[in-house]
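A.B. asks: Below you will find the structure I want to go over with you.
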Amino acid sequence: MDETQPREPTRYREEQFDDEIELMDYLRVIWKRRYLIIAGTLICAVAAGVISFSMPKVYRIDMVVRPGMLTMDEEGKEIYIDSPQNIKAIIEARTFDRDILNDIGESNNNGLPQLLSFKVSIPRQSSVIKVSYETANVDPGLRMMNLLGDLLLQRYIERVKYFQGEYEAQIGLKKVKWLTAKSEDEPRNSISRIFKNKSMT
């Protein structure tokens with residue numbers, strides 16, 4: 001019985017060494033198949049290069065629109081020409097697409113899209129609108145974004161003129177009140193100056 005006990009731990013140790021991963025075995029397999037590994041890597045690199053160079057270049061043009069502030073209410077809250085959500089909805093409804101395409105179509109008939117796909121987003125906790133357009137042709141894309149900005153201005157110019165007239169009328173009334181108050185105070189001031197001059201002499 002004493003002889004069997006030492007044999008069991010050695011047998012356990014041999015099984016443990018047989019189960020371990022031999023790093024050298026893996027390195028030998030890799031070295032043996034090195035040409036296959038190098039060829040596979042080169043084929044994948046060449047295929048990725050060919051695909052990336054054959055794809056058309058796409059440029060993204062961004063424009064940030066901030067609605068103009070008209071006034072502030074009694075609580076100090078800003079009142080804008082229109083809300084960012086409304087302006088976003090107007091652009092997404094393709095309100096200006098036909099006008100933009102007609103304007104650009106007169107000068108450039110090559111490669112115009114049938115529909116414009118402006119991507120519109122409102123960043124969190126802001127009053128601005130980000131408009132993006134992706135195109136392969138930079139010059140027509142820039143013209144489209146400029147035309148979109150011009151059309152937005154034209155849409156709201158009447159509202160701006162109305163409020164401008166209102167502000168000018170308010171300023172005029174305040175000026176008239178100020179001049180009236182000043183003209184009423186002038187005789188009093190001149191009389192008080194006369195009395196001061198007489199009292200000094």
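Taken together, the values in this text are just the output of simple stated rules run on the coordinates, not laboratory data. Quick caveat, the model's predicted, so the values are computed rather than measured. So basically every Cβ, Gly included, is an ideal-geometry build from the backbone, and we count neighbours across all protein chains shown.
A.B. asks: Multiplying the sequence separation of Ile51 and Gln154 by 0.36 nm and subtracting their Cα-Cα distance, what value in nm do you get?
C.D. replies: Numbers: separation 103, 0.36 × 103 = 37.08 nm, distance 4.41 nm.
That works out to 32.7 nm of additional length.
A.B. asks: For a Förster distance of 41 Å, can you work out the FRET efficiency between the beta-carbons of Val176 and Gln125, rounded to the nearest 0.05?
C.D. replies: 0.45
A.B. asks: Let me ask something additional. Gain in length, Asp62 to Glu134, computed as 0.36 nm per residue apart minus the alpha-carbon separation, to one decimal in nm?
C.D. replies: So the chain would gain 25.0 nm between Asp62 and Glu134.
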